[in-house]
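Novice: Before we start, here is the structure in question, set down as structure tokens.
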Amino acid sequence: MRGFTITEILIAACIFLVLVLSLFQSLDISRSLWFNDEVSVELRREIIKTFTNMERELKETRPALTNLASGTSSATLTFCVPQDNDGDETILNSFGDIEWSPQITYALNDSHQITRTVSGNTTIVANNVSDLLFTRPLSPVNIIQVDITASKNSAFGRQIQDAGQITVEMRN
């Protein structure tokens, strides 16, 4: 009987080492893709949550009650919504006119967060936002468009970016 030579053992060990390294590399790539997808889903959720909150309020405002004129864009938006101010459980005052809330302002702060400010009280609406733009087209005049771009670094240092846009029809 003849045994293996040292050369044969070294070649077999090298082949085994290459296979093991290839396996670990493919597992690392899979893990990286998994976490990147997780960050992407997190950004998409943040954008959808923000759009849902903004859309609900913007549908209630009037074009004349916003700080944007037709054909302009801005990184901030200030507006009012109907609100029961006199406690009579209706949004109409004694003259039949709509009662309006204090001014609501959406803006992007230096910490990459969308904030909502009402009467000096600021709340954070969304995180990881790199760009926010409100646009009122020339026609139709009761439309407002909101563009949000969100970005976040993944656990592996790769920057993941997502963007969304909604168009809201304001009341007349």
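Novice: Once you have the Kirkwood Rh of the chain from its Cα pairs, apply Stokes-Einstein at 20 °C and 1.002 mPa s and quote D in µm²/s. Display every interim value, and only then the final one.
Specialist: Details: Rh = 19.9 Å.
It diffuses with D of about 108 µm²/s by this estimate.
Novice: Under the 0.36 nm per residue contour assumption, what length would be gained going from the current alpha-carbon distance of Arg44 and Thr105 to full extension?
Specialist: Extra length available between Arg44 and Thr105 comes to 19.7 nm.
Novice: Just to confirm a number: summing +1 for Lys and Arg and -1 for Asp and Glu over residues other than Met170 whose beta-carbon lies under 11 angstrom from that of Met170, what do you get? It would help to have the intermediate numbers written out before the result.
Specialist: Working: positive: Lys59, Arg62, Arg136, Arg171; negative: Glu55, Glu57, Glu60, Glu169.
Result for the neighbourhood of Met170: 0.
Novice: Separation between the Glu55 and Ile11 pseudo-spin-labels, each 7 Å from Cα along Cα→Cβ, expressed in nm?
Specialist: If labels sit at Glu55 and Ile11, their model points lie 6.6 nm apart.
Novice: Here's something else I'd like to know. Convex hull over the alpha-carbon atoms of the stretch 48-140: what's its volume per residue in Å³?
Specialist: On the way: hull volume 10.7 nm³, N = 93.
Per residue, the Cα convex hull of the stretch 48-140 comes to 115 Å³.
Novice: Using a 10 Å cut-off on Cβ atoms, rank the peptides 95-104, 72-81 from the highest mean neighbour count down. List each step's numbers first, then the result.
Specialist: Details: 95-104: 13.4, 72-81: 17.1.
Per-residue mean Cβ counts within 10 Å order the peptides as 72-81, 95-104.
Novice: Another one. Just to verify a number: FRET efficiency for Thr90 and Gln159, C-beta to C-beta distance, R0 = 45 Å, to 0.05?
Specialist: That gives a FRET efficiency of 0.35.
Novice: Here is a further query. Measure off 7 Å from each Cα along the Cα-to-Cβ vector at Asp147 and Leu19, then give the distance between these two points in nanometres to one decimal.
Specialist: Reported label-point gap for Asp147 and Leu19 is 5.4 nm.
Novice: Which length gain, in nm to one decimal place, applies between Arg2 and Arg62 when the Cα-Cα distance is subtracted from 0.36 nm times their residue separation? It would help to have the intermediate numbers written out before the result.
Specialist: On the way: separation 60, 0.36 × 60 = 21.60 nm, distance 9.28 nm.
Fully extending the segment from Arg2 to Arg62 adds 12.3 nm.
Novice: Net charge around Ser130, counting only other residues with Cβ within less than 14 Å of its Cβ (Lys, Arg = +1; Asp, Glu = -1)? Mind dumping the intermediate values first?
Specialist: Working: positive: Lys152; negative: Glu46, Asp110, Asp131, Asp147, Asp162.
With Lys, Arg at +1 and Asp, Glu at -1, the neighbours total -4.
Laboratory data are not the source of any read-out in this text; all were calculated from the coordinates shown. Worth saying up front: this structure is predicted, and the values here are computed from it rather than measured. Virtual Cβ from ideal backbone geometry, glycine too; neighbours counted across all protein chains shown.
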